[in-house]
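The structure appears below as structure tokens.
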Amino acid sequence: MYSFLHFVKGSLFTTSLLAILTRVSLILTLTMVQKAEAQKPNIILILADDVGYKTPGFDGQSSYSTPNLDAMAQQGMRFTQCHASPLCSPSRFMLLTGKYNFRNYIQWGVMDRSQKTIGNMLKDGGYRTACFGKWQLSGSDQSVHALGFDKYVLHDVLNGNGVNIGSRYKNPHLYVNANFCPIAKL
């Protein structure tokens, strides 16, 4: 093989072969990049209020049975060095924006719709996004979408008139993709 290549070195054959190999390599590289982009990992980010580090089973606790969370923790990626605020809304603001709270607030519990959140970044990266649970960031449907979420099932949101809908605790009313569901029972 070496002799053959040495013999044809500098010939039209070598130049054509090199051009073909370069094109094939480029096509294979582009195909691998497209395949990698098509195989984006699923991301499930959980923020739970009032749950201690040792509550889930995957952290060594045996007082509660958490088999689904244990399986997700075993198969996925865990972030174990995180810092939070002693209150739920400030922790949620920090997690969504990656900023300290003195840079987040318009007023307590109101997030500026122009903030860039993890939801916006994931959407920019081609992900479909959803949010479930307690919102408590104000602004109703428009804010949920502006802050990066396509679909949602939320409670503790404000409707367009600024009236709080539902309890924060027992049997909260759910806000499902722009529709109030006042008969929902949890």
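The values are calculated or read from the model by the stated rules, or taken from the named source; none is laboratory data. Just so we're clear, the structure is a prediction, and the values are computed from it rather than from any experiment. Glycine also receives a Cβ, built like all others from the backbone with ideal geometry; neighbour counts cover every protein chain displayed.
Miscellaneous remarks
- So Tyr100, is it at pLDDT below 90 and surrounded by fewer than 18 Cβ atoms within 10 Å (Cβ to Cβ): yes
- The lone exception for His155 - which of (1) buried (at least 18 other Cβ atoms within 10 Å of the Cβ); (2) modelled with pLDDT of 85 or more it fails: (2)
- Among the residues of segment 123-141, just one is on the phi < 0 side of the Ramachandran plot, among the small types (Gly, Ala, Ser) and assigned to a strand (DSSP E or B), namely Ala130.
- Answer from Lys40, Lys54, Lys9, Lys35 - the residue that is basic (Lys, Arg) and modelled with pLDDT under 50: Lys9
- For segment 67-85, the tally of residues that are part of a loop (DSSP other than H, G, I, E, B) and without any contact (Cβ under 8 Å) to a residue 24 or more places away in the chain stands at 9.
- Among residues of segment 87-110 that are without any contact (Cβ under 8 Å) to a residue 12 or more places away in the chain, those with a Cβ under 6 angstrom from a residue that is in a loop (DSSP other than H, G, I, E, B), sequence gap 6+ or separate chain, pair up as Ile106/Asp112.
So that you can scan it fast, the table gives a plain yes or no per residue for (1) exposed (fewer than 14 other Cβ atoms within 10 Å of the Cβ); (2) in contact with a strand residue (DSSP E or B) (Cβ under 9 Å, 6 or more places away or on another chain):
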position	(1), (2)
Gln74	yes, no
His83	yes, no
Gly119	no, yes
Tyr127	no, no
Ser143	no, yes
Phe149	no, yes
